[in-house]
Each structure stands twice: as structure tokens, then as C-alpha cells.
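S.K.: My structure is below; once you've seen it, I'll send some questions.
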Amino acid sequence: MSSYENYSKTSASYDTTRPPQGLDVIRAVLSTNAVPLEAQMLLDAGCGTGQYTAALINDVAQITAIDLNEAMLGAAREKLHGEAGSGRLVFHQASLETLPIDAQSVDAIMVNQVLHHVADNPEKHWPGHQRVFAEFARVLKPKGMIVINSCSHAQLKSGFWFYQLIPDAVERICRRTCDPTVIAELLQGAGFCQTKHTVDTEIVMQDASYFSAEGVFDANWRSGDSIWALATPNELEAALQQARQLAETGELESFMSQHDAARGEVGQLTFSSAQKI
Ligand SMILES: C[S@@+](CC[C@H](N)C(=O)[O-])C[C@H]1O[C@@H](n2cnc3c(N)ncnc32)[C@H](O)[C@@H]1O
């Protein structure tokens, strides 16, 4: 379960602002596996509404899609109901810390925008992430590949224009987010090697809707990025008031452009890949 976002509610609108991103990067990582892509058993860890599973189901032999939230998983089952009985798809409602699958049973794992929801303690060197990575190492076959889609701290600090409206929430998300350098250390400790980080600065997490500045006034639009759940009610009200003033003076679009400028340098998403030893 997310340690802060209410996915039981968010599941209803999630797909409207969050298309799967970086599919080519993910396919490229999975294709480095000795097992051909079309023969691979893939784990979608924290599958949410199943958007990545739906996008990749025809590329691999089978996907095991796991999520802890019933509503997100329900949306995934609905989206993929055509696969029921095909033998190509298995769903489980479970935590990433205790995966209900056998040791060495998958060829590859993808983890898209999930890890910052794991309750954790950076001061104690991320024990929650360590438990999850140990589970990933357990279920992956030797030489299996993992690809983790997350945001670096630099991306959180300057890759999203509207984050400038909620600076305290940015501090909180950074404390919940393992920077890719730390991900690499933790992966190595869990028995992975050859960690690489890929950033495609063209990728925009919320796609075209990200550029809809007026979106900040819409709760469904905001629910497309869980950082809003980390703003206190007072911080949210202050952010909306600032945005309203900018809109009234015709400056909201230029605020967006100004605070979006660094995205072209840092990008929004980092894909960290590694191989199990
Ligand atoms: C931002 S959504 C990403 C969903 C999907 N991977 C995507 O990118 O479209 C995060 C998902 O992670 C799930 N999640 C968070 N912590 C989890 C945990 N410890 N175990 C299993 N799922 C978890 C949430 O329920 C939610 O569906």
C-alpha cells in the first residue's frame, strides 16, 4: 500500500493523466536478457491499473502483475479482461516485500513509479527498499534483468513545473525517494551488478496533460501525481491561491514555461537497470 497516496480513490482517474512512459527503454533493457523477449516471464511489480502490463503483454510470454491496492488491481483486471484464461497473465494482490511467487521464477522485473510509496527510513539506509530488493533478487532467475523507473532528486527538484508551487511537498517526496545513486548501492547489496541509469529528457510523465497549466485547479489532474498528496491542506490552498493569482493576471502559462525550462536538461524519469548475479 502506498504510505501516503489514497489509491482506492485515485484508481478511478489515474489513467487519464498517466500513460505508460519509457516503453522503448524498458524493452531495450529486457532485450539484453539471454532469454529472448518473447519467451520471458515478466513481473510487473506495483502494476497499478495495469497500463505497463497492457502495453507489454504482447512482447513477452507471461506477465505476473502484482499490486497491494485492490482498486488499482481491479482497474488492471478490467483493462486486461480479454487476457483472462489465456495463461499469459497472472494477478496477485500482495506487497512487494512478500511476493507470492516462487524463487527464481521470473526472467525480468519492471517497477514503474512505485518505490517512493514504500514506507522507509533514509537515516537507517532504506530498510524498506532493502527488503523489496531482496525479494526481487529472490524471485529473479540468475542473470535476470530488473528495470526501475523512478525520479532522481534533481528531477524532483527541477523537472516538474508545478512542483514550484509546493516546495515543502518536494522536500517530503525527496525524503521518500531513493536517488538512483542509492538505488545502485542497494541493488549491489541485494546481489545485482552492472547498474545503468538511462534518462530520456523527451519523456514527460503526465504526457500532454502536463502542459495544461489550468490542470492544477482540477483534483483529478492533481491525482495524476502523488506529490500533491504530500502537501498539507494549508500548503495546497496556498499553492492554489498562487496559481489563481497567476491565472488572473495572465501569468500562469509563463510561470509554467519558466519553471519547466530545466526539464530539457534533467528530464523527469530515470530508468535504472541491473542484472542479477
Ligand atoms: C504511482 S502508481 C504506479 C502504477 C504503475 N506501475 C504505473 O506506473 O502505471 C504506484 C502503485 O504502487 C502500488 N504500491 C505501492 N506500494 C506498494 C507495495 N508495498 N506493494 C505493492 N504495491 C505497492 C500502489 O498501490 C500503486 O498502484
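The values are calculated or read from the model by the stated rules, or taken from the named source; none is laboratory data. Remember, it's a predicted structure, so these values are computed and weren't measured experimentally. Ideal geometry is used to build each Cβ from the backbone, glycine not excepted, and the neighbour counts take in all protein chains shown.
S.K.: Looking at Ser86, is it more than 13 Å from the ligand (Cβ to nearest atom), touching a Leu at 6+ places or on another chain (Cβ under 9 Å) and of a type in the set (Ser, Thr, Tyr)?
M.R.: So Ser86 does not fit the description; no.
S.K.: Something else: Considering every residue within the range 150-159, establish whether at least one is in contact with a Ser or Thr (Cβ under 7 Å, 6 or more places away or on another chain), more than 21 Å from Ala262 (Cβ to Cβ) and within 16 Å of the ligand (Cβ to nearest atom).
M.R.: no
S.K.: Looking for whichever is touching a residue at least 40 places away in the same chain (Cβ under 8 Å), in contact with a helix residue (DSSP H, G or I) (Cβ under 7 Å, 6 or more places away or on another chain) and either within 11 Å of the ligand (Cβ to nearest atom) or among the polar types (S, T, N, Q) (or both) here; the options are Thr53, Thr64, Thr32, Thr16. Which one fits?
M.R.: Numbers: Thr53 fails: touching a residue at least 40 places away in the same chain (Cβ under 8 Å); Thr64 fails: in contact with a helix residue (DSSP H, G or I) (Cβ under 7 Å, 6 or more places away or on another chain); Thr32 fails: in contact with a helix residue (DSSP H, G or I) (Cβ under 7 Å, 6 or more places away or on another chain).
Step by step, each of Thr53, Thr64, Thr32, Thr16 is checked, and only Thr16 is touching a residue at least 40 places away in the same chain (Cβ under 8 Å), in contact with a helix residue (DSSP H, G or I) (Cβ under 7 Å, 6 or more places away or on another chain) and either within 11 Å of the ligand (Cβ to nearest atom) or among the polar types (S, T, N, Q) (or both).
S.K.: Does Thr10 satisfy the condition of being near the ligand (Cβ under 10 Å from one of its atoms) and either of a type in the set (A, V, I, L, M, F, W, C) or under 22 Å from Ala94 (Cα atoms) (or both)? Give the steps one after another, and end with the answer.
M.R.: Values: near the ligand (Cβ under 10 Å from one of its atoms): yes; either of a type in the set (A, V, I, L, M, F, W, C) or under 22 Å from Ala94 (Cα atoms) (or both): yes.
So Thr10 passes the test.
S.K.: Can you tell which of Leu80, Leu73 is more than 9 Å from the ligand (Cβ to nearest atom) and either surrounded by 21 or more Cβ atoms within 10 Å (Cβ to Cβ) or of a type outside the set (Phe, Trp, Tyr) (or both)?
M.R.: Being more than 9 Å from the ligand (Cβ to nearest atom) and either surrounded by 21 or more Cβ atoms within 10 Å (Cβ to Cβ) or of a type outside the set (Phe, Trp, Tyr) (or both) holds for just one of Leu80, Leu73, which is Leu80.
S.K.: Given the structure, is Glu83 at pLDDT below 95 and more than 19 Å from the chain's Cα centre (by Cα)?
M.R.: yes
S.K.: Next question. Is it true that some residue in the range 84-98 is in contact (Cβ under 8 Å) with a residue 40 or more places away in the chain and within 19 Å of Pro142 (Cα to Cα)?
M.R.: no
S.K.: Against the definition (farther than 30 Å from Arg175 by Cα, surrounded by fewer than 21 Cβ atoms within 10 Å (Cβ to Cβ) and either within 16 Å of the ligand (Cβ to nearest atom) or under 17 Å from the mean Cα position of the chain (by Cα) (or both)), how does Val106 come out, yes or no?
M.R.: no
S.K.: Next up: State whether the residues of the range 255-273 include one that is in contact with a Lys or Arg (Cβ under 6 Å, 6 or more places away or on another chain), surrounded by 13 or more Cβ atoms within 10 Å (Cβ to Cβ) and either at pLDDT below 95 or not acidic (Asp, Glu) (or both).
M.R.: Yes, the conditions are met somewhere in the range 255-273.
S.K.: Name every residue in the range 214-250 that is closer than 25 Å to Thr270 by Cβ and outside any loop (DSSP other than H, G, I, E, B), in order of residue number.
M.R.: Start the filter on the range 214-250 by keeping residues that are closer than 25 Å to Thr270 by Cβ, which leaves 215-216, 221-231.
Listed by number, the residues that qualify are Gly215, Val216, Trp221, Arg222, Ser226, Ile227, Trp228, Ala229, Leu230.
S.K.: Still on this structure, please answer the following. Being of a type in the set (S, T, N, Q), surrounded by fewer than 21 Cβ atoms within 10 Å (Cβ to Cβ) and not in a loop (DSSP other than H, G, I, E, B) is the filter here, so list the residues in the range 155-213 that pass it.
M.R.: Ser158, Gln164, Thr181, Gln188, Gln194, Thr195, Thr198, Ser209
S.K.: Taking the range 134-152 only, how many residues are under 20 Å from Val25 (Cβ atoms) and part of a helix (DSSP H, G or I)?
M.R.: 1
S.K.: Need the failing condition index for Gly250 against (1) of a type outside the set (A, V, I, L, M); (2) at positive phi; (3) within 21 Å of the chain's Cα centre (by Cα), just the number.
M.R.: (3)
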